[in-house]
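Working notes, structure below.
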Amino acid sequence: MNRIRPYLKLPKITKVKKPVTERVKTEINSATAEALQEVYGIGPVLGQRIISLRKQLGGFLIKDQLDDVWGLKPEVRDQFWMHFKMDSIPNVIKQNINDLTIAKLSQSPYISTSLASSIVALRTQHDSLTSWHDLAVITQIDSVKKARLSLYLSFN
């Protein structure tokens, strides 16, 4: 091989680097239904559910709120965040839980009318509620619901 090497002309192998294209992420609180459907696993129905929940909430405040979309699988949710970002968080003014009526409380997507009734009944028994600990006796409020409600309600 060493004797014939001077007579061989082999091309030099160079690695061609593909240009890295960065995906531009879309803001979740302004995304359209068509933009949502670009994620594999999100069709027209699921896209509409995401937009509907976003509208009810006044915009997503935390990424975990996407878990509240019925039918959104965890693997699709993980792919979702590769396409979207959460930079513009809506300004939400927390409402005092001691001032809200059953009707006002039940306007929240996280509070049913029966839960609102339970909160008002408990508030009436104790004159006012001072912390989330006061609501521990209501079995409908688990740790996830408490975390969601704490985004919108206060005890001032």
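The values are calculated or read from the model by the stated rules, or taken from the named source; none is laboratory data. Given the structure is predicted, the values throughout are model-derived calculations rather than measurements. No Cβ is skipped: glycine too gets one built from the backbone with ideal geometry, and neighbour counts run over all protein chains shown. For accessibility, only protein heavy atoms count, side chains too; no ligands or nucleic acids. Shrake-Rupley method; radii C 1.70, N 1.55, O 1.52, S 1.80 Å.
To make sure I understand the rule: partners must be lysines, Cα under 25 Å from the Cα of residue 145, and not fewer than 8 residues away in the same chain. Which ones qualify?
Reachable lysines: 55, 63, 73, 85, 94, 104.
Per residue and in cubic angstrom, what volume does the convex hull of the Cα atoms of the chain have?
199 Å³
Taking a probe of 1.4 Å, how large is the accessible area per residue of the stretch 28-156, in Å²? Show your work: numbers first, answer last.
On the way: 7430 Å² over 129 residues.
Value returned for the stretch 28-156: 58 Å² of accessible area per residue.
Run the quick spin-label model on residue 137 and residue 121: label points 7 Å from Cα toward the beta carbon, then report their separation in nm to one decimal.
1.1 nm
Please list 127, 64 in order of solvent-accessible area, largest first, computed with a 1.4 Å probe with all protein chains present. Display every interim value, and only then the final one.
Details: 127 140, 64 85 Å².
Reading off the accessible areas and sorting them downward yields 127, 64.
Could you look at the stretch 1-113 and say what percent of its accessible area is carbon and sulfur, using a 1.4 Å probe and all protein chains?
That fraction is 55 percent.
Quick check for me: using +1 on Lys/Arg Cβ and -1 on Asp/Glu Cβ, what's the dipole size of the stretch 1-145 about its Cα centre, in debye to the nearest 20? Write down the numbers at each step before the final one.
Numbers: 20 positive and 14 negative charges, 337 e Å.
I would put it at about 1620 debye.
Cβ neighbours within 10 Å, averaged per peptide: list 69-82, 94-107 in order, most packed at the top.
By packing density, highest mean first, the sequence is 94-107, 69-82.
Kirkwood Rh, the stretch 1-44, all Cα pairs: how many Å?
15.9 Å
Using a Cα-Cα cut-off of under 25 Å, which lysines could be cross-linked to residue 9, ignoring same-chain neighbours fewer than 8 residues away?
17
What FRET efficiency do you get for residue 15 and residue 87 if R0 is 41 Å and r is their Cβ-Cβ distance, rounded to the nearest 0.05? Before the final figure, lay out the partial values.
Values: r = 36 Å, r/R0 = 0.89.
That gives a FRET efficiency of 0.65.
What is the ratio of the Cα radius of gyration of the stretch 42-132 to 2.2 N^0.38 Å, with N the residue count, to two decimals? Don't jump to the answer; show the numbers that get you there.
Working: Rg = 16.3 Å, N = 91, 2.2 N^0.38 = 12.2 Å.
Rg over 2.2 N^0.38 Å, computed on Cα atoms: 1.33.
Going 7 Å from the Cα of residue 150 in the Cα-to-Cβ direction, what parts of the stretch 82-116 have a backbone nitrogen less than 16 Å from that spot?
Correct set: 94-95, 97.
Restricting attention to the alpha-carbon atoms of the stretch 1-85, what are Rg (one decimal) and Dmax (integer), both in Å?
23.7, 80
Which order do 84, 155 take by accessible area at a 1.4 Å probe, largest first? Walk me through the numbers before you get to the answer.
Values: 84 5, 155 40 Å².
Correct descending sequence by accessible area is 155, 84.
If you take every residue apart from residue 86 with its C-beta less than 15 Å away from the C-beta of residue 86, what net charge results, scoring Lys and Arg +1 and Asp and Glu -1?
Taking every Cβ under 15 Å from that of residue 86, the sum is -1.
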